[in-house]
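The values are calculated or read from the model by the stated rules, or taken from the named source; none is laboratory data. Keep in mind that this is a model prediction, so the values were computed, not measured. Positions of Cβ are generated from backbone atoms using ideal geometry, with glycine treated the same way; all protein chains shown enter the neighbour counts. For the accessible areas, the whole protein counts, side chains as well, though only heavy atoms, and no ligand, DNA or RNA atoms are used. Shrake-Rupley method; radii C 1.70, N 1.55, O 1.52, S 1.80 Å.
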Amino acid sequence: MSELRELYQETILEHSRKPRNFGELPSASHKAEGYNPLCGDHYTIFVNLKDGAIDDIRFNGAGCAISKASASMMTQSLKGKTESEAEEIFSRFHDLVTGQQNGTDNLGKLAVFAGVSEFPLRVKCAALAWHALRAALRGDQQAISTE
Ligand code: ZN
């Protein structure tokens with residue numbers, strides 16, 4: 001577990017310093033905004049769906065290291081996935097950060113977020129971008145809030 005914790009800190013710091021797929025996506029077919037008032041995290045997720053799959057995905061905004069790293073790693077994990085695959089990964093990731101799942105099967109690098117389940121206030125940071133993504137895919141125009 002201590003190894004996973006070290007990896008967790010390293011990975012989160014690295015992604016928060018150098019977020020992947022960061023910026024606007026002018027050609028986005030779907031987008032949604034997410035806000036976590038408890039921490040001040042605020043992001044917009046941009047998705048371009050093509051033939052039912054995530055052809056491109058980007059995010060911008062600002063927030064704490066956990067929220068930014070989670071958004072960054074989410075974009076990496078979901079690029080090229082179909083909508084239903086994305087839903088499936090979302091639900092496994094959600095179970096992981098809320099401590100409802102013991103295994104980290106098929107989550108790849110996202111497994112480092114298992115450590116978040118020990119810090120209930122941080123769960124909202126880790127899940128924010130994912131909730132916004134789901135809102136974007138469903139076509140919800142209203143900004144989502146974790147509160
Ligand atoms: Zn946060």
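Here are the numbers:
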| read-out | value |
| --- | --- |
| Qualifying residue in the stretch 115-133 (condition: assigned to a loop (DSSP other than H, G, I, E, B), over 17 Å from residue 9 (Cβ atoms) and open to solvent by 70 Å² or more (accessible area, probe 1.4 Å)) | no |
| Cβ pairs under 9 Å, 6+ apart, first in the stretch 55-67 and β-branched (Val, Ile, Thr), second within 16 Å of the ligand (Cβ to nearest atom) and modelled with pLDDT of 95 or more | 57/45; 57/74; 66/16; 66/39; 66/41; 66/125; 66/126 |
| Subset of the stretch 1-38 (residues that are part of a strand (DSSP E or B) and hydroxyl-bearing (Ser, Thr, Tyr)) | 35 |
| Qualifying residue in the stretch 132-142 (condition: within 16 Å of the ligand (Cβ to nearest atom) and touching a residue at least 60 places away in the same chain (Cβ under 8 Å)) | yes |
| From the options 81, 109, residue that is within 17 Å of residue 25 (Cβ to Cβ) and away from the ligand (no atom under 16 Å from the Cβ) | 81 |
| Filter result for the condition that a residue is free of Cβ contacts under 8 Å to residues at least 12 places away in the same chain, in a helix (DSSP H, G or I), of a type in the set (Ser, Thr, Tyr) and within 24 Å of residue 7 (Cβ to Cβ), over 91, 70, 77 | 91 |
| Close pairs (9 angstrom Cβ cut-off, 6 or more residues apart or separate chains): over 13 Å from residue 141 (Cβ atoms) in the stretch 31-43, near the ligand (Cβ under 10 Å from one of its atoms) and among the basic types (Lys, Arg) anywhere | 36/124; 38/124; 39/122; 39/124; 41/68; 41/124; 43/68 |
| Residue in the stretch 26-37 that is more than 11 Å from the ligand (Cβ to nearest atom), in contact with a Pro (Cβ under 9 Å, 6 or more places away or on another chain) and among the hydroxyl-bearing types (Ser, Thr, Tyr) present | no |
